[in-house]
Number of protein chains: 2
Amino acid sequence: MPQADNGAGLSQSLERGLAILSAFTPERPALGISELARMLALTRSTTHRYVATLATLGYLQQDDSTRRYRLGPRVLDLGFSTLGSLELREIAAPHLRRLTDSTGHTSNLAIRDDTDVILIDRVRGRQGRYHHLEFSLHVGSRLPSYCSATGKALLAFMPRPELDRLLDRIDFVQRGPRTLTDRAALLAELENVRRTGVAVNDEELDSALRSIAAPVRSRSGEVVAAVNVAIPWSPVGMDELVSEYGPALRATARQIAAGVI
Amino acid sequence: MPQADNGAGLSQSLERGLAILSAFTPERPALGISELARMLALTRSTTHRYVATLATLGYLQQDDSTRRYRLGPRVLDLGFSTLGSLELREIAAPHLRRLTDSTGHTSNLAIRDDTDVILIDRVRGRQGRYHHLEFSLHVGSRLPSYCSATGKALLAFMPRPELDRLLDRIDFVQRGPRTLTDRAALLAELENVRRTGVAVNDEELDSALRSIAAPVRSRSGEVVAAVNVAIPWSPVGMDELVSEYGPALRATARQIAAGVI
DNA sequence: TACGGCGTTCTAATATTCGGAACATGCCAC
DNA sequence: GTGGCATGTTCCGAATATTAGAACGCCGTA
């Protein structure tokens, strides 16, 4: 059966094997061969061969009783060698901690991956309030950039043509009471970010969730990351919070940038 | 060129592709095609095809200036969906936090992967002392089980034949001033663990590093994880520390076990 | 200018992978 | 019980996806 060409000379087996690994999520932590085969439109025998390979390498584990498979510990190694490879993270760590110590609030370091941001470091503040979403965030979490402070800080300084192509791919979904749900509103907001050097998230991702972020620049001036502090809800206006936390954030971002080789 | 059979019907391409991903470490975060090809004894063209596949899928990123490759953000997703899939981690989280709050010390939840333990959750205590190794540990870290408290807690209750096979694979390296450097000493120590229900690490992994751990059992009675607290060095004797922290650890382990479905 | 190394592309040959068929097992309804 | 259905697993011939060599363009250095 001649198969459609994948495009350029890509490895079908590798692609399929990784698709199998990606099929496991916290919501579906255990999957059987037939289940996987249906999901990926493969035959059971082919699926079994990939799964057997992944299992012998330690990337999957078979449950003795149900005969289904789940992710194995080897997969963790992959993820954490990624984190360890990010020198930015090491440079930023002490500055993040200082930011949290001085403000009392949770701070994060985030990078952009296409239309998302990914938290690559996180220092939890005193767990005063208990915001469900905030609490569930952890290193490795993905958030849409259009409705997060770090995301806006990362988008604001992109070259315009690249930004336009990226915005085309964004699906503006209302996630909080004040989410910016169209491109024009986001663009206007990004203009504010460029003017003030600080990005805010005022209940755009979830209600009662606010945050302020600043971009981190590399030696060459490119924005490579963003730092933020999450601010528990209070009746204080956003402008006031920006005056209160903005300087510390900009300072932290500057200090991190100074350490980047 | 007929190639040696890998064993059973395993997927060569998948195996090689994953070997490429594994070749990236925090020490060697960026690798070129030729470099990878030499490491894995492959031709450059074959290596390139795998790398191109991994790059288009987002698992690798190419550095524009050096043309070398580094791990991409997609790899993080894999690792963290593993963590998210561990329901044990979610169950244990609040109990770990309580343990750290009440003792003031860093606590960990660990599972075993063959001869290693892997930290799957970690709550940092007040950073009073600054122990270099302790500080560098994080979720995802691997430690040898023979010289860690969690490791001994996890080994102690293994069925004897399985334990014997595992011990054969252990290389007893002196890592701290009191490392148990032979099998007999470790076996004797595991007997203590079974008797007291608590495992200790008294400068066996590194100097000035002590820790106490307790095993966590599943519904069926099997030991599936271990909790520990790291204890900053003090002139107090280990026995005294066990009396001080042992009950809280056993209680925490019991509470976690009670939550396991 | 010649050289060696690099990442990359192309291609013919074939080893590796594919998928249908068949087996053993466990589960459920009847 | 018993038949049916779904599962994980194994086998094997067919052929596709993969392989490795050669060649390209590029970049440094000698």
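The values are calculated or read from the model by the stated rules, or taken from the named source; none is laboratory data. These numbers come from a predicted model, not from an experiment. Note that we place each Cβ from the backbone using ideal geometry, even for glycine, and neighbour counts take in every protein chain shown. All accessible areas refer to the heavy atoms of the entire protein, side chains included, with ligands and DNA or RNA removed. Shrake-Rupley method; radii C 1.70, N 1.55, O 1.52, S 1.80 Å.
Please determine, by comparing only the residues of segment B:35-46 that are more than 8 Å from DNA strand D (Cβ to nearest atom) and not in a loop (DSSP other than H, G, I, E, B), which one is surrounded by the fewest Cβ atoms within 10 Å (Cβ to Cβ).
Applying the first criterion (more than 8 Å from DNA strand D (Cβ to nearest atom)) to segment B:35-46 yields B:35-41.
Pick out the ones that are also not in a loop (DSSP other than H, G, I, E, B) and you get B:35-40.
On the way: B:Glu35: 15, B:Leu36: 21, B:Ala37: 20, B:Arg38: 12, B:Met39: 14, B:Leu40: 15.
Ranking the candidates gives B:Arg38 first.
Do any residues in segment B:83-104 that are on the phi < 0 side of the Ramachandran plot have Cβ atoms under 8 Å from those of residues that are open to solvent by 30 Å² or more (accessible area, probe 1.4 Å) and of a type in the set (S, T, N, Q), where the two are at least six apart or on different chains, and which pairs are they?
B:Gly84/A:Thr25; B:Ser85/A:Thr25; B:His95/B:Gln255
Residues that are under 25 Å from B:Ser102 (Cβ atoms), at least 1 per element: which helices (runs of 4 or more DSSP H) completely within segment B:116-183 meet that? Give the derivation first.
On the way: elements: B:132-136, B:149-156, B:160-168.
It comes to B:132-136, B:149-156.
Looking only at segment B:71-83, filter to residues that are open to solvent by less than 30 Å² (accessible area, probe 1.4 Å) and in a helix (DSSP H, G or I); which one of those is farthest from B:Val227 (Cα to Cα)?
B:Val75
Got at least one residue in segment B:76-84 being of a type in the set (Asp, Glu), more than 7 Å from every other protein chain (Cβ to nearest Cβ) and under 19 Å from A:Leu18 (Cα atoms)?
Initial filter on segment B:76-84 (of a type in the set (Asp, Glu)): B:77.
After this cut, where a residue has to be more than 7 Å from every other protein chain (Cβ to nearest Cβ) as well, the list is B:77.
From what's left, under 19 Å from A:Leu18 (Cα atoms): B:77.
Yes, segment B:76-84 contains a residue that is of a type in the set (Asp, Glu), more than 7 Å from every other protein chain (Cβ to nearest Cβ) and under 19 Å from A:Leu18 (Cα atoms).
Cβ-Cβ under 8 Å, sequence separation 6+ or interchain: first residue in segment A:8-27 and at the interface with chain B (Cβ under 7 Å from one of its Cβ atoms), partner part of a loop (DSSP other than H, G, I, E, B) and of a type in the set (Phe, Trp, Tyr). Which pairs?
A:Leu18/B:Tyr59; A:Leu21/A:Tyr59
Of all residues in segment A:52-67, how many are under 21 Å from B:Gln12 (Cα atoms), open to solvent by 30 Å² or more (accessible area, probe 1.4 Å) and hydroxyl-bearing (Ser, Thr, Tyr)?
The qualifying residues number 1.
Looking for whichever is open to solvent by less than 60 Å² (accessible area, probe 1.4 Å), modelled with pLDDT of 95 or more, more than 22 Å from A:Ile111 (Cβ to Cβ) and outside any loop (DSSP other than H, G, I, E, B) here; the options are A:Leu190, A:Leu186, A:Leu249, A:Leu241. Which one fits?
Numbers: A:Leu190 fails: more than 22 Å from A:Ile111 (Cβ to Cβ); A:Leu186 fails: more than 22 Å from A:Ile111 (Cβ to Cβ); A:Leu249 fails: more than 22 Å from A:Ile111 (Cβ to Cβ).
Sole residue among the options that is open to solvent by less than 60 Å² (accessible area, probe 1.4 Å), modelled with pLDDT of 95 or more, more than 22 Å from A:Ile111 (Cβ to Cβ) and outside any loop (DSSP other than H, G, I, E, B): A:Leu241.
Can you confirm whether B:Arg49 is of a type in the set (D, E, K, R), free of Cβ contacts under 8 Å to residues at least 12 places away in the same chain and either open to solvent by 20 Å² or more (accessible area, probe 1.4 Å) or assigned to a helix (DSSP H, G or I) (or both)? Give the steps one after another, and end with the answer.
Details: of a type in the set (D, E, K, R): yes; free of Cβ contacts under 8 Å to residues at least 12 places away in the same chain: yes; either open to solvent by 20 Å² or more (accessible area, probe 1.4 Å) or assigned to a helix (DSSP H, G or I) (or both): yes.
In short, yes.
Only one of (1) over 26 Å from A:Gln61 (Cβ atoms); (2) outside any helix (DSSP H, G or I) fails for B:Ala110. Which number is that?
Tallying (1) over 26 Å from A:Gln61 (Cβ atoms); (2) outside any helix (DSSP H, G or I), B:Ala110 fails exactly one: (1).
I need the full set of residues from segment A:223-242 which are without any contact (Cβ under 8 Å) to a residue 12 or more places away in the chain and not β-branched (Val, Ile, Thr), in order please.
Of the residues in segment A:223-242, the ones without any contact (Cβ under 8 Å) to a residue 12 or more places away in the chain are A:234-237, A:239-240.
The answer is A:Ser234, A:Pro235, A:Gly237, A:Asp239, A:Glu240.
What single numbered condition from (1) free of Cβ contacts under 8 Å to residues at least 40 places away in the same chain; (2) under 19 Å from A:Ser207 (Cα atoms); (3) surrounded by fewer than 20 Cβ atoms within 10 Å (Cβ to Cβ) fails to hold for A:His131?
(1)
If a residue has to be buried (at least 20 other Cβ atoms within 10 Å of the Cβ) and away from every other protein chain (no Cβ under 14 Å) to count, how many in segment B:85-113 make the cut?
Qualifying residue count, segment B:85-113: 6.
Please enumerate the residues belonging to segment A:209-220 that are touching a helix residue (DSSP H, G or I) at 6+ places or on another chain (Cβ under 9 Å) and not basic (Lys, Arg).
Scanning segment A:209-220 gives A:Leu209, A:Ser211, A:Ile212, A:Ala213, A:Ala214, A:Pro215, A:Val216, A:Ser218.
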